[in-house]
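> What follows is a single structure, and I will ask about it in a moment.
Derivation of every value follows stated rules applied to the coordinates shown; laboratory data play no part. Nothing here was measured: the structure is a model prediction, and the numbers come from that model. We place every Cβ from the backbone using ideal geometry, glycine too, and count neighbours over all the protein chains shown.
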Amino acid sequence: MKTKSLRTILLGMFLAGFSAVAAQTVTGKITGPDRKPVDGATVILQNMDSTFIDASITGPDGCFTVKRSTETYRLVIQHLLFETLQYTGKNNDTGILVLQPKAYSLSEVEIKGERPLVKVEGNKLCYDISQITASRLVTNAYDCLKQLPGIIEKDGRLTLAGAGEVNLIINGKPSTMTYEQTVTLLQNTPSDNVEKAEIMYSTPPQYHVRGASVNVLLKTYKANGSGWQGEVRGSYIQQDKASANGGFTVAYHTPRFNLSLNYSANRGRNDSDLEFIAEHTLKDKIYHVEETTVNKVTGFRNYVRLDGGYKSSGNHELDFAYTTNFKPEGDARSSTAGNISNGSNRETGKDQMHNFSVSYNAPFGLRTGADYTYFRSKGNQDFEDTGGTGVYTAFHTYEMQQINRWKIYADQSHSPGKGWTLNYGTSLAYVSNRNTQQYSLESMSGQNTDNRINELTYNAYVGFNKDISRKWSLSASATVEYYRMEEYRKWAVYPTLQLSYIPSESHIFQLSFNTDKTYPDYWTLSGSTSYLSGYNELQGNPYLRPYTSYSASLNYILKSKYILNLSYDYEPDYFTQMIYMSPDRLKAIYNTVNWDYSSELSMTAILPYRIRNWYNGTLTLQGAYERNKAGNYFDAPFDKKRWYGTGVWQNTFNLSRQPDIRLEVSALGQTRSIQGSYEIDPLWSMDAALRWTSGNGKASLLLKGTDIFNTLNPKTILRNGFQHLDMNVKYYRQSVSLTFTYKFGGFQKKEVQDVDTSRFRH
């Protein structure tokens, strides 16, 4: 038997259990009858009703430490070479516990039994990704996040039920990559490379982001032993047109050193259709507008990530990462047919992104690092149109954007004792952005732009965590921030507060408050104009103001699996892109302006369930009341209010054990909702997937159908004064894909034995 492999398996299986905030520990030593220490024994701490609290693995000296939160506790000690031992006690030190040898030994064992879904660590909800990869049909890190309870993908962005859009964090470190660039990283990271995910409704300031976040922790150092592992993968996707992607990952992990290389290539096509019907009022005359636009986007993109780290014997840790994704070619074509506009629009271009990061962690609580991102894109547009008057228009446009983003940070944590933890730190971020847009027509030279925007953000924070008692804990912080962008200057203070109450391991209450600020993107601030068709234009707004978010959230977690959430968000000066039919020109203009505010009150229930070992599922239900108000939105002010509901139903069926065959069916539905002055018709969709995994677990095939019934196509209605239009979008999300994955090195076949799990269900 291989003890190192066993230890890895058992540690991954049991450390995902629930652990309440504890003020004490239990220590002891495990030996055999010969008084020799037992290495690799699993020590499980429960309360007296068998609720999981904490777990640990003994080292070469046989010693262990687990956190306690109850006066009387039960220890369950397991090792494949020894009989299971149960110990009940009250003391902080158990002394020496002796295991009796079994009359036989087993090969590697996979322990079957329901584990707690969520582990609470301070203000974080922690999920063991191995549970998700075992029960859900996922292939990459981004797919894993979409399976987290409460996480819903809307319009290509991840949202958290009760908190709205989330920040994405990798390994707890700040990054200068954009949200979209981070998503690309996660989509190209194999699911097996993710250790766990942490959801935070109120992100502490040491992460250097605000609001709700998901922190993705990738596997790095290998606690026991060393070795190579990796995988190769390839996918074929059939939508309206075909696309494909593939890549490989190679990693080497030791207790002190880790290094991994990931490469992916994607050649894809994304098509969409837009049907636009409007009654456009211009100078007291109403024009009926009908327009259909067909969009075809193709491109080839490469992705590379190299990361590694070194941990000294004194627990000094130095990590680095280099990430790049680049598109050497891209082609976007659209053709428009209608009674106002008839024409074509073609955009070709390329882009590249490079990110460098380095960080240092000291054993005395210091963390410092630097992060830099370089982005550059170049594009050409060829536009031609014959309007309703028969006038022919044609021009060429050259576009370029270059962005440099730097960030340095330093954080310090102290634990002075008596349940106190003190955190403080600072960061400095600087961005230089250049946007260039040039038209070929002399008559349009007045629209040429060459904008340069410099942005500086400096902040400093202080915060604390305090275990008031065994049942109560409090965390609070305040961040002072100075922001400068061209002529705009702003000092601001962003407080956060979280109060936790844990009357027992089965009941957890979390109350949190936080503030955040959202800044406009650089293209919008440049004030440039892009022509989508002869009737539709996209305009920037150099006068756009940032908006502040104020959020409050109450979580109740029952039995470490069921989650109920009540939240409220208020966002004065909120902005998002909307369409406006000009009263002066026969043009529909996509623009972004500040509203009075946006607010939402929501209630969410996350309900996981399972039937033996052949079926498990999760039902997420959300009801929300949203209000959007803009009293100065051109000549079309609005004040929209609506209740709406969202539901997500995920189901996994275990069809076969050897080989492993699983079927997954998921559904999403949303009632009629609003966005500004828009009303959006109800939406629903259904996905299904079937996965076959070889007996040794190395090879797998995944057949997946997305949006099977082709229903995830939003229909938008606008009826607001003289603003009258209908927009129907068809995204061609309906697809069938086949993915092959082969794992090598470090992946060993597990012989599954029946193990008595009654001790977990007293």
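> In the calculated pair distance distribution of segment 369-416, what percentage of Cα-Cα distances lie above 18 Å? Let's see the in-between values first.
Numbers: 722 of 1128 pairs.
In whole percent, the share of Cα-Cα pairs in segment 369-416 beyond 18 Å is 64.
> Further question on the same structure: If the limit is 22 Å between Cα atoms, which of 196/743; 517/730; 124/629; 561/641; 124/561 go over it? Let's see the in-between values first.
On the way: 196/743 20 Å; 517/730 33 Å; 124/629 33 Å; 561/641 33 Å; 124/561 14 Å.
Too far apart for the 22 Å limit: 517/730; 124/629; 561/641.
> Now a separate question. Spin-label point model (7 Å from Cα, Cβ direction): what's the residue 393 to residue 72 distance in nm?
8.2 nm
> Also, quick follow-up: Under a plain spin-label model, where a point goes 7 Å from the Cα along Cα-to-Cβ, how far apart in nm are residue 468 and residue 226?
According to this spin-label approximation, the distance is 4.9 nm.
> Next question, about the same structure. Just the ratio, please: alpha-carbon radius of gyration of segment 408-448 over 2.2 N^0.38 Å, N its number of residues.
On the way: Rg = 24.9 Å, N = 41, 2.2 N^0.38 = 9.0 Å.
Dividing the Cα radius of gyration by 2.2 N^0.38 Å gives 2.76.
> Can you give the Rg/Rh ratio of the chain, where Rg is from the C-alpha atoms and Rh is the Kirkwood radius? Walk me through the numbers before you get to the answer.
Numbers: Rg = 28.0 Å, Rh = 28.5 Å.
Dividing the radius of gyration by the Kirkwood radius yields 0.98.
> Here's another thing I want to ask about it. Counting helices only, and only those DSSP H runs with n ≥ 4, report the 222 nm mean residue ellipticity of the chain as the sum of -39,500 (n - 2.57) divided by its residues, in deg cm²/dmol to the nearest 500.
Values: 5 runs with 39 residues, N = 762.
Estimated from H runs of four or more residues: -1500 deg cm²/dmol.
> Expressed as a whole number of Å, what is the distance separating the alpha-carbon centroids of segment 410-464 and segment 523-598?
So the separation of the two Cα centres works out to 20 Å.
> Please work out how much length the chain gains when fully extended from residue 48 to residue 90, using 0.36 nm per residue of separation minus the C-alpha to C-alpha distance, in nm with one decimal.
Numbers: separation 42, 0.36 × 42 = 15.12 nm, distance 1.12 nm.
Separation in residues times 0.36 nm, less the Cα-Cα distance, equals 14.0 nm.
> Work from the charge dipole of the chain (Cβ charges, +1 for Lys and Arg, -1 for Asp and Glu, about the Cα centre) and give the residue of 197, 289, 458 farthest towards its positive end.
197
> Turning to a different aspect of this structure: To the nearest 0.05, how large is the calculated FRET efficiency for residue 377 and residue 740 if R₀ is 30 Å and r is the Cβ-Cβ distance? Before the final figure, lay out the partial values.
Numbers: r = 33 Å, r/R0 = 1.09.
Efficiency, rounded to the nearest 0.05: 0.35.
> Shifting gears a bit: Determine, from the Cβ-Cβ distance of residue 717 and residue 651 and an R0 of 51 Å, the FRET efficiency 1/(1 + (r/R0)^6), rounded to the nearest 0.05.
Details: r = 33 Å, r/R0 = 0.64.
With a Förster radius of 51 Å, E is 0.95.
> Hey, another quick one. Please give the Cα centre distance for segment 112-174 versus segment 175-189, rounded to the nearest Å.
Going from one Cα centre to the other spans 16 Å.
> A further question on this structure: Work out, step by step, the length gained on full extension between residue 460 and residue 366: first 0.36 nm times the residue separation, then minus their alpha carbon distance; give nm to one decimal.
Values: separation 94, 0.36 × 94 = 33.84 nm, distance 1.51 nm.
Extra length from residue 460 to residue 366 when fully extended: 32.3 nm.
> Quick one: which of 146/173; 29/102; 283/640 span more than 24 angstrom between C-alpha atoms? If you can, show how the numbers build up before the last one.
On the way: 146/173 21 Å; 29/102 19 Å; 283/640 27 Å.
Beyond 24 Å between Cα atoms: 283/640.
> Ok, one more. Stretch residue 310-residue 726 to full length: gain in nm at 0.36 nm per residue minus the Cα-Cα span?
Values: separation 416, 0.36 × 416 = 149.76 nm, distance 5.74 nm.
Full extension from residue 310 to residue 726 adds 144.0 nm.
> Still on this structure, please answer the following. If r is the Cβ-Cβ distance from residue 506 to residue 661 and R0 is 35 Å, what FRET efficiency results, to the nearest 0.05?
Values: r = 35 Å, r/R0 = 1.00.
According to the calculation, E is roughly 0.50.
> Please give the Cα centre distance for segment 605-638 versus segment 657-734, rounded to the nearest Å.
15 Å
> For the residue pair residue 344 and residue 256, what label-to-label distance in nm results when each label sits 7 Å from Cα along the Cα-to-beta-carbon direction?
The modelled label-to-label distance comes out at 6.4 nm.
> Which residues does a label at residue 444 reach in segment 317-355, if reach means a backbone N under 14 Å from a point 7 Å past the Cα toward the Cβ?
343-348
> Using alpha-carbon pairs under 8 Å, 6+ residues apart, how would you state the relative contact order of the chain in percent? Write down the numbers at each step before the final one.
Numbers: 2123 pairs, mean separation 74.2, N = 762.
Answer for the chain is 10 percent.
> With +1 on the Cβ of every Lys and Arg and -1 on the Cβ of every Asp and Glu, and nothing else charged, how large is the dipole of the chain about its Cα centre, in debye rounded to the nearest 20?
Dipole magnitude for the chain comes out near 2440 debye.
> Another question, if that's okay. With angles folded into 0 to 90 degrees, how steeply does helix 3-14 sit against the dominant principal axis of the chain? Use alpha carbons for both and round to 10.
Orientation of helix 3-14: about 60 degrees from the principal axis.
> Something else now. Where the Cα atoms of segment 424-567 are projected onto their three principal axes, how long is each span, largest first, in whole Å?
So the three principal-axis extents are 74, 35, 18 Å.
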